[in-house]
Structures are given as C-alpha cells and as structure tokens.
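Before any comments, here is the structure.
The values are calculated or read from the model by the stated rules, or taken from the named source; none is laboratory data. The shown structure was predicted, so the numbers you read here are calculated from the model rather than taken from an experiment. Ideal geometry is used to build each Cβ from the backbone, glycine not excepted, and the neighbour counts take in all protein chains shown.
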Amino acid sequence: MDEHRATEYLRPDEASIARAAALLRAGRLVAFGTETVYGLGADATNARAVAGVFAAKQRPRFNPLICHYPSLDAAFAHVAPNDAARRLAESLWPGPLTLVLPRRPECPVALLTAAGLDTLAVRVPAHDVALALMHAAGRPVAAPSANRSGHVSPTSAQHVMEGLGGRIDAVVDSGPCTIGVESTVLDLSGAEPRLLRPGGATREAIEALIGPVLQRATPGAAVRSPGMLASHYAPRCPVRLDAQDVRASEALLAFGPPLKGAGVTFNLSESRDVTEAATRLFLGLRSLDSEAAQRGLRRIAVMPVPAIGLGLAINDRLRRAAVPRA
Ligand code: TXA
Ligand code: MG
C-alpha cells in the first residue's frame, strides 16, 4: 500500500523550480515552502495526483484542500468572488488568507480537491518561490500542510522530510517559514462571512476591511472546515494548558519569562511577542515532544499565550494539541 518513492531534495534556484514544476505537471507530489507552513502540492486539476496527496498524508477523504494560485486573477477565474472577497483579496493577497467561495461552473479543479463540496478554498501565498513554482507549473496547486494527517504542521524542509520523506517525489527547500501558522480560512460562500480557522491573517485585519465576521461554526452545527476537528495537531506527549507552575517530570512550552523547575524548556518568545511565538510554535511542540520521549518526561506544560493577533491561532492549535487521544 505504502509505495516507496525517492524524495528529491531541491534548492530554490531556477533549474530546480523548473524541475519541480515539471513534476507537478506530471501528476507528482512536490512539497514547497510558503509564508505560513510547508505545503504538499499536487496539480489541483488532476484527481489522481490529488488522491496521492491524501494517501501520502493518510488524510481522511472528507477533508478538503486549499487551492493555491499565482495571482488574484487566476484564483477568481475558478471561483466567483463577492464584494467582500474582492476587497479582502485586493488588500491581503498575496498573504496568509484563504477564501472559501462558490466554484464557477467551468472550474477545472478536480472535485476531489474540495472533497466534493460546491465551494473551493483559494489563496495566493506571499512567497516568491511558491509563486514562481505556480507560474512555472501553469496549474492551480492543491496543497495541504506537508505533514501526515493529525501531526504537527512543518515549518522547514527538514520537518517535511521527517514526516513524508520516501512518500513524496520532491521537496523544494526555501528555508524556514516566516509566519509559522497556517492561513486564516474565511468562508464567504454563505449569507455572512464566517471564520472557519483562525490563522496568519488576523481577525482584526479582516474586520477592518469587511466589518464583523461570525466565529466558526456554532457548537453542534455540522463541521464546515474539517481541519477544525479536535485533536488535529497532535504531539505524542500529553499537553497541559494554562500552566501556572511546572514539575521536573514535565517539558515546558514557555511564553515570556519561563516558569522554573521544568525538565526541559522551549521558549516561544522571551519578549512575549505573539508573532514570534507563532513562527516557533510547531518547532516548539516538535522539539519538546522528542525531548520528552528521550528523557522520559510525562507531559508538555504550556504557559498561557494572550488571544490577541496571532495569539488566537496559537491558542486554537494548542487547544487541539491538548485534546486527549485514545
Ligand atoms: O497556510 C495554509 O493554509 C497551508 C499552506 C500550505 O497554504 N495549507 C493548509 O492546508 O493549512 P490544510 O489542508 O492543512 O488546511 C485546509 C483547511 C482545512 O481546515 C479545511 O477543512 C479547510 O481549509 N477547507 C478547505 N477547503 C474548504 C472548503 N471548500 N470549505 C470549507 N473549508 C475548507
Ligand atoms: Mg494541516
């Protein structure tokens, strides 16, 4: 079942980008950096290639993928924007904002990409290498985060190789991601804008442009953004939130001046900067998870992070990392 493939490691020069684009056009799987996290890319119009993404990630089929485009015009050729979408895209693209909009009837994106929904999530990443790759490929690129389903999202090519090496065809190493949490997902397909996933574009920035947005799905409502499922970001080690103290048997994910007495500490931001913390979040969870395993620590204790700016996205990921697993 798990077919082994040699994973080509590519540098972000012109020849490698051409090579990566050729792989995408041939239906292969290519991971690449964006400003948020590394994506696992496939030609979004090629259902077989997209199926390969789900397989490599071992991702549940019902979880729809984001389609990446090199420009606003390219994206809006495939989905029908309303006024709010145009306003947001004009000021925040390229950038860490994903818009869910109705597909146009002529949209060539494979249905599997959006897991059969009549909407499509689109975004233009703010990343030169990613944009160059999409220009060269000449196709929309479906790309979930380049990790196995349920694991922590990768913010470096090395993280991608750790999770997916041998399961994908190439990774383009463009260095560490500058934002470090995924894009904000905003559903504009209904009567009112709804925030499905907090992320790199702040709610404040969005509301300044289009006014108030609804928060996620109301509790009990059908899950509209399956990536919102609990326990999506899962270190192996149990996670304890809002730590006010810490034990020697615990690893500490600190924010600001660290609590004393932990077995090992990773500081998201000594200076209490939520933006810096976002760039270090997944790295911190990964490294504490492996340190905890090596040292026989029982838990990761997490100091509180304020829910302002990117702090909202950070808290969302932390809450899901803390959901108990069977
Ligand atoms: O920053 C990002 O968004 C990264 C980089 C690679 O661009 N990508 C990413 O993709 O995080 P992924 O697949 O891990 O998360 C996509 C999110 C999920 O929560 C999914 O349920 C939601 O977007 N989504 C995608 N298409 C949707 C749709 N048509 N309707 C509602 N939610 C959708
Ligand atoms: Mg993901």
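Mind counting the residues in the stretch 1-36 that are among the aromatic types (Phe, Trp, Tyr) and over 12 Å from Gly165 (Cα atoms)?
1
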Let me confirm something: among Ala114, Ala56, Ala110, which residue is modelled with pLDDT under 95, in contact with a strand residue (DSSP E or B) (Cβ under 9 Å, 6 or more places away or on another chain), closer than 26 Å to His159 by Cα and more than 12 Å from ligand 1 (Cβ to nearest atom)? Ala56
Would you be able to tell me the number of residues in the stretch 44-88 that are outside any loop (DSSP other than H, G, I, E, B) and more than 16 Å from Ala146 (Cβ to Cβ)? 15
In the list Pro64, Pro70, which residue meets the criterion of being closer than 19 Å to Val129 by Cα and within 16 Å of ligand 1 (Cβ to nearest atom)? Pro70
Criterion first (surrounded by fewer than 18 Cβ atoms within 10 Å (Cβ to Cβ), within 13 Å of ligand 2 (Cβ to nearest atom) and in a loop (DSSP other than H, G, I, E, B)) does Gly116 satisfy it? no
Ala136 being surrounded by 24 or more Cβ atoms within 10 Å (Cβ to Cβ), in contact (Cβ under 8 Å) with a residue 24 or more places away in the chain and either of a type outside the set (S, T, N, Q) or over 22 Å from Leu24 (Cβ atoms) (or both): no
Given (1) more than 10 Å from ligand 1 (Cβ to nearest atom); (2) within 11 Å of Tyr69 (Cβ to Cβ); (3) touching a strand residue (DSSP E or B) at 6+ places or on another chain (Cβ under 9 Å), index of the condition His135 fails: (3)
Tally time: how many residues in the stretch 285-311 are buried (at least 17 other Cβ atoms within 10 Å of the Cβ), assigned to a helix (DSSP H, G or I) and out of contact with any Leu (no Cβ under 9 Å at 6 or more places or on another chain)? 4
Checking Gly227 against (1) at pLDDT 95 or above; (2) in contact with a strand residue (DSSP E or B) (Cβ under 7 Å, 6 or more places away or on another chain), which test does it fail? (1)
Return yes when Ala121 is under 23 Å from Ala56 (Cβ atoms), within 16 Å of ligand 2 (Cβ to nearest atom), surrounded by 21 or more Cβ atoms within 10 Å (Cβ to Cβ) and touching a residue at least 40 places away in the same chain (Cβ under 8 Å) and no when it is not. yes
When you check Leu40 against the structure, is it in contact with a strand residue (DSSP E or B) (Cβ under 8 Å, 6 or more places away or on another chain), assigned by TED's automatic domain parsing to the domain that holds Leu195 and assigned to a helix (DSSP H, G or I), yes or no? no
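Working only within the stretch 125-151, note down all residues that are hydrophobic (A, V, I, L, M, F, W, C), part of a loop (DSSP other than H, G, I, E, B) and within 16 Å of ligand 2 (Cβ to nearest atom).
Ala143, Ala146
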For the stretch 158-195, which residues satisfy the criterion of being β-branched (Val, Ile, Thr), part of a loop (DSSP other than H, G, I, E, B) and touching a strand residue (DSSP E or B) at 6+ places or on another chain (Cβ under 9 Å)? Ile168
Out of (1) acidic (Asp, Glu); (2) part of a loop (DSSP other than H, G, I, E, B); (3) in contact with a helix residue (DSSP H, G or I) (Cβ under 8 Å, 6 or more places away or on another chain), the odd one out for Glu106 is which? (3)
